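Bear in mind these aren't lab numbers, they're just calculated from the coordinates by the rules spelled out. As the structure is a prediction and not an experimental result, all values here were calculated from the model. Virtual Cβ from ideal backbone geometry, glycine too; neighbours counted across all protein chains shown.
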């Protein structure tokens, strides 16, 4: 099985603070990897490095055949293959849900307006928001906005989807609708990496769990690993979550 | 052919003082009238409120140049044959400044949260007390940066007083130009004078603005 | 007061007044469009240019904002003439107004650009948009929508300030008025009429901007909320 994503000995610091201290892990095609850990463990930074939002100092990152660590990386080519969803949705406030989704396919893939609209309707239907196409972000709930953001990424037909604590800003009842969409995606065979605090979701959906601690991968294994932690740190972390 | 000399520079310096003097008149006069208009704008009486709004609309909707012409010729109609230029210019700029300051200050007074009015009312203060003791002290702080910023507009607009024959910087520049005809050089120097007056005000206004924003955060 | 108002004396000049209104509208429209383009480019340069570009633009903005339009008009009109190029008064008027309003536009649009959250740029980047595409779709459009009211006020002021170009005898409403009053000796009445015309013009311009805003900013029209 060829890896879609592989990180090898990745180092990253912000000023004097060492955030990633030799991180290595792989994610294969169709896998759903949940990256967990305390805040400050470097999990969000690792995710941002995968999408070249942060430069790394040492190590290699290969994503869908792109050498992300290479200074000569073609970022736009990388972004065609990788979709990312943020904690704060980051929808464009002056565009409707549909226009938010149509923008990138028209700009980047030169789709016609009509094709882009068909595509938008398609992905909106997949996240269960077909009837909200003409709504502006401010008219949507947080959960709906996040689903539009997922749809916006999906419209670029990425080979890999990254989710950066996408439910952390949501009420518990809105969290469910977003997780449902993500679960559907996972079932559809999408390769996904998610940074999350939702342990039950990780347990249920993830094929791989990466527990990060102090800037390194402390423990990794299948979803069941959470029920049988090997290290005291993960035991404590899982215990604290429950 | 005569050229630009130290004498001309001295003349411009005097004119600069007149520019500053006229600006001060306009700011003080416009400030008083504008403050009254700002209060009228938020008066409980609908007629007073509307009258003030119309006044502001008219001042902000006509060029200062036309206002100056109207005063210049209007005073003549009233029977004064020779209007002192400083009077026409002072009155014109005062009216102009009042129209804009009224609107700036109204905005500042209204930006004091409504709850402050209510709190003061609940303490059984009269309208006058509420205004002078609670609202205005807060509004003044908010209003200072934009008021200083507007001073720059006043200084620049005194240049139009030349049309009623008042000799300030621009008019002095024109006078010198008539004798030595070196317009580019002269008006660059005139511009430097204006810049020297306005830039410190602009900088001051900006730093006040920054402090205000920090204080609000 | 023994003065007798005589507005009827001005009636034969209605064509001239109308022409003046039309010229002022033209002058301010051209200056607005070009000034907006210049100011927006400067705002982009100020936000994203090299240190050199930024310093040059900052200087330009400060110089313009701290000197009177009248002096700027003289400088353009006489200044370029000393270079041996003779400009028509109207051309000089447009040039001076554009340079002037460009500086104010730059400041306003820059404030708009700065109000766009960094996360928006990141989102656009992650969707694979190019810099130009990001600038247009994600930065400028919402930024301009946000500062549109400030721009409107600035361009109304510009229209009123265009009266100052009469000082170099550019063809516009105030210059027309100056001519009529010296023909008729009905100075006060003439400037009353012109004042009213400017008042009407400023309302028309404001309405025009409002209308344009409704067409250009669909979101605001539908929701009515500020961005």
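Using 1/(1 + (r/R0)^6) with R0 = 41 angstrom and r between the beta carbons of residue C:204 and residue B:80, what's the FRET efficiency to the nearest 0.05? E(calc), rounded to 0.05, equals 0.70.
Each of the peptides C:208-221, C:67-80 was scored by the mean count of other Cβ atoms within 10 Å over its residues; in descending order, highest first, they stand as C:67-80, C:208-221. Extension gain, residue B:133 to residue B:4, is 40.9 nm, computed as 0.36 nm per intervening residue step minus the present C-alpha separation. Between residue B:104 and residue B:211, the contour length at 0.36 nm per residue exceeds the alpha carbon distance by 36.6 nm. Rounded to the nearest 0.05, the FRET efficiency derived from the C-beta distance between residue C:16 and residue B:87 at R0 = 30 Å is 0.45. For chain B, the longest principal axis of the Cα atoms and the long axis of helix B:169-180 meet at an angle of about 10 degrees.
Need one word for the range B:64-217: rounded, prolate or oblate. Basis is the Cα gyration tensor (sqrt eigenvalues a ≥ b ≥ c); a/c below 1.5 gives rounded, then a/b vs b/c decides. Oblate. Taking 0.36 nm per residue of separation and subtracting the current Cα-Cα distance, fully stretching the chain between residue A:139 and residue A:39 would add 32.9 nm. Between C:31, C:47, C:170, find the one with the highest GNM mean-square fluctuation for chain C; connect C-alpha pairs within less than 10 Å. Highest fluctuation among the options: C:47. Note on residue A:204 and residue A:2: their simple-model spin labels are 3.4 nm apart, each label 7 Å out from Cα toward Cβ. Counting beta carbons within 10 Å around each of B:82, A:13 and listing the fewest first gives the order B:82, A:13. Counts of other chain beta carbons within 10 angstrom of each beta carbon in peptide C:182-195 average 4.
Against the main long axis of the alpha-carbon atoms of chain C, helix C:173-184 sits at an angle near 0°. Between the beta carbons of residue C:196 and residue B:111, assuming R0 = 25 Å, the FRET efficiency works out to 0.15 to the nearest 0.05.
As an exercise, find the ratio Rg/Rh for the range A:1-117 from alpha-carbon atoms, using the Kirkwood inverse-distance average for Rh. Before the final figure, lay out each step's value.
Working: Rg = 16.4 Å, Rh = 16.0 Å.
Reported Rg/Rh (Cα atoms, Kirkwood Rh): 1.02.
Distances between every pair of Cα atoms in chain A, grouped in 10 Å steps from 0 to the bin holding the largest one, split as 8, 32, 36, 20, 5, 0 percent.
How much of the DSSP beta bridge set in the protein assembly as shown is antiparallel, as a percent to the nearest 5? Can you show the working numbers first?
Values: 21 of 38 bridges.
Looking only at bridges with both residues in the protein assembly as shown, the antiparallel portion is about 55 percent.
Ordering B:185, A:43 by the number of other Cβ atoms within 10 Å of each residue's own Cβ, fewest first, gives B:185, A:43.
For the Cα atoms of chain B, what angle does the longest principal axis make with the long axis of helix B:64-77, in degrees from 0 to 90, nearest 10? The angle comes out at about 80 degrees.
Comparing A:106, A:190, A:161 in a Gaussian network model of chain A where C-alpha atoms under 10 Å apart are linked, the largest mean-square fluctuation is found at A:106.
The modelled label-to-label distance between residue B:192 and residue B:179, using points 7 Å beyond Cα along the C-beta direction, is 2.0 nm.
When all alpha-carbon pairs of the protein assembly as shown are counted, what percent fall beyond 35 Å? Don't skip to the answer; put the middle values down first.
On the way: 132801 of 234955 pairs.
Roughly 57 percent, rounded to a whole number.
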